[in-house]
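Asks: I'd like to ask some things about the structure below.
FYI, it's all coordinate maths here, none of it is from the lab. Given the structure is predicted, the values throughout are model-derived calculations rather than measurements. Methodologically, a virtual Cβ is constructed for each residue, glycine included, from the backbone with ideal geometry; neighbour enumeration extends over all protein chains shown.
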Amino acid sequence: MDKLRIIGGQRLQGAVTISGAKNAALPQIAASLLSDQPLELTNLPAVTDVENMLGVVTRHGAQIKRSAHGAVIDTSTAVSRETSYDTVRRMRATVLVLAPLLARFGEARVSLPGGCAIGARPVDMHVRALSTLGADIDIENGLIVASAPTGLTGARIVLSSPSVGATETAIMAATAARGETEILNAAREPEVADLADCLNAMGAHIEGAGTHRILIQGARAWRPAVHDIIPDRIEVGTYAVAAGITGGQLELTHARLEHLASVVQLLEAAGVSVWPGDRGLVVAREGPLHPVDLTTEPYPGFPTDLQAQFMALMCCADGASLLRETVFENRFMHVPELMRLGANITLQGTTALVRGGEPLKGAQVMATDLRASVCLVLAALVSEGETTINRIYHLDRGYEQLDRKLRLCGARIERVSA
């Protein structure tokens, strides 16, 4: 099992090419199962979550033709078969194949998903959305068993919270349902809007994606399509924190400012400057870091996927910061590992009090989930001496060649094979 060895104290300088968004790619790969026409996805990130999702659709009979950062997915020979626990235990997002299989074949059997241990993240909203469209759903021996032998029918779906996954499930199912579907309290994340753009390219008719109300005219004819995946806003935010925490300057090519308003606001309040460049965004810090408070919220609020990275930044600010997590109930597992590096953090329920300003010192630490992994990398970049981060397979799930990208910008980081 690989690990990372990092010697801190290097100021980052250079350019980082932002990859395609993993959280946009996964539902689009699943959506390919809706149609018997080929779907070409470009700007596809080379991360293990994407490889796993491509493997899932392959096991359902799809044919994949790969290129450097793209794939043509031909699902003309796809079939609906059970998606086993062994397939989905590594990644929760595989539940997204449920709606396309059900919509196209009238039945689907998908194991209850696994993924990062950051909270329960139940699939009840996915199930309720499909039931509203006329599907019969049962849970049997750890499987979600769905059937709609006469097809799905458009309806009004009111989500109890703006869940990204449930919104994506509802959108995909509704594209194949008879009549109109209205989704209320929908997630507004850019990845949801990008899924809608992909589906519209495939022949769907979706309006309002990116707002709380989405309208879908279902049962459209599918056609071959090509879609370019949006840049990964979480990767942008991560490298922005890397520039800020090291007092460096990074050009983040392909980054989109419009996806990061809440993040940029807090970065600038913390003393990190962000401005548009010719190829994306430029992030730099020259003065001291200032403590700021944050609360994670659904988009357009501050993303939960950047909470851990921002905590590492606040460990280096001179003063106290309050970080409140409202999206996932168990997303502070990086705190004990940061404390091994010397961080002063007090946890009380869903709130972390970070008292920054004291130097961090290198140590052996262990990654517990995807974003915790990169949080420890960021902290290690400014820790005195050497830090070894174990179990970095989490990191490879969502960051394409992170160690190489950092090394090209001056970081002293190497991957060590156990």
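Asks: Which order results if Phe302, Phe310 are arranged by neighbouring Cβ count within 10 Å, fewest first?
Replies: Result, fewest neighbours first: Phe302, Phe310.
Asks: Restricting attention to the alpha-carbon atoms of the chain, what are Rg (one decimal) and Dmax (integer), both in Å?
Replies: Rg and Dmax of the chain, Cα atoms, are 21.4, 64 Å.
Asks: Further, regarding this structure: Quote to one decimal, in nm, the extra length available between Asp293 and Arg59 on full extension: 0.36 nm per residue of separation minus the C-alpha distance between them.
Replies: Details: separation 234, 0.36 × 234 = 84.24 nm, distance 4.54 nm.
Here the answer is 79.7 nm.
Asks: Rounded to the nearest 5, what % of DSSP beta bridges with both residues in region 22-228 are antiparallel?
Replies: 75 percent
Asks: Out of the DSSP beta bridges found with both residues in the chain, what percent are antiparallel (nearest 5)?
Replies: 70 percent
Asks: Something else about it: Expressed in nm to one decimal, what extension gain is obtained for the pair Glu386 and Asp86 from 0.36 nm per residue of sequence separation less their Cα-Cα distance?
Replies: Length gained, Glu386 through Asp86: 104.3 nm.
Asks: Shifting gears a bit: Relative to the present Cα-Cα distance, how much length would full extension add between Thr253 and Arg178 at 0.36 nm per residue of separation?
Replies: Contour length minus the Cα-Cα distance gives 22.8 nm.
Asks: Moving to a separate point now. Quickly estimate the mean residue ellipticity at 222 nm for the chain, helices only: each DSSP H run with n ≥ 4 gives -39500 (n - 2.57), and the total goes over all residues, rounded to 500.
Replies: Value at 222 nm, helices only: -8500 deg cm²/dmol.
Asks: Reachable lysines from Lys65, Cα under 27 Å, same-chain residues fewer than 8 places away excluded?
Replies: Lys22, Lys405
Asks: Moving on to the next point. Pairs of Cα atoms under 8 Å, at least six residues apart: use those to get the relative contact order of region 22-228, whole percent.
Replies: Relative contact order of region 22-228: 20 percent.
Asks: Give me log10 I(q)/I(0) at q = 0.12 Å⁻¹ for region 27-112, Debye formula, one equal scatterer per alpha-carbon, no solvent.
Replies: The Debye formula, applied to the Cα set alone, gives -0.30.
Asks: Another question about this same structure. So if R0 is 41 Å, what FRET efficiency would Trp275 and Ser417 give, r being the distance between their Cβ atoms, rounded to the nearest 0.05?
Replies: Values: r = 39 Å, r/R0 = 0.96.
That pair, Trp275 with Ser417, gives E of 0.55.
Asks: Would you list the P(r) distribution for region 22-228, with all Cα-Cα distances sorted into 5 Å bins from 0 and each bin expressed as a whole %?
Replies: 1, 8, 18, 22, 23, 17, 9, 2, 0
Asks: Please compute the modelled spin-label separation between Met1 and Asp138, points set 7 Å along Cα→Cβ, answer in nm with one decimal.
Replies: According to this spin-label approximation, the distance is 3.8 nm.
Asks: Right, here's the next one. In sequence order, what are the phi-derived ³J(HN,Hα) couplings for region 201-206 according to the Karplus relation 6.51 cos²θ - 1.76 cosθ + 1.60 with θ = phi - 60°, rounded to whole Hz, with x for glycine and proline?
Replies: With the stated coefficients, region 201-206 comes to 5, 7, x, 6, 10, 10 Hz.
Asks: Cα centroids of region 308-373 and region 378-409: how far apart, whole angstrom?
Replies: When both Cα centres are located, 16 Å separates them.
Asks: Next question, about the same structure. If Lys and Arg each add +1 and Asp and Glu each add -1, what is the summed charge of the other residues whose beta carbon sits under 12 Å from the beta carbon of Asp36?
Replies: +1
Asks: Please work out the Cα center distance from region 1-26 to region 180-226, rounded to the nearest Å.
Replies: Here the answer is 31 Å between Cα centres.
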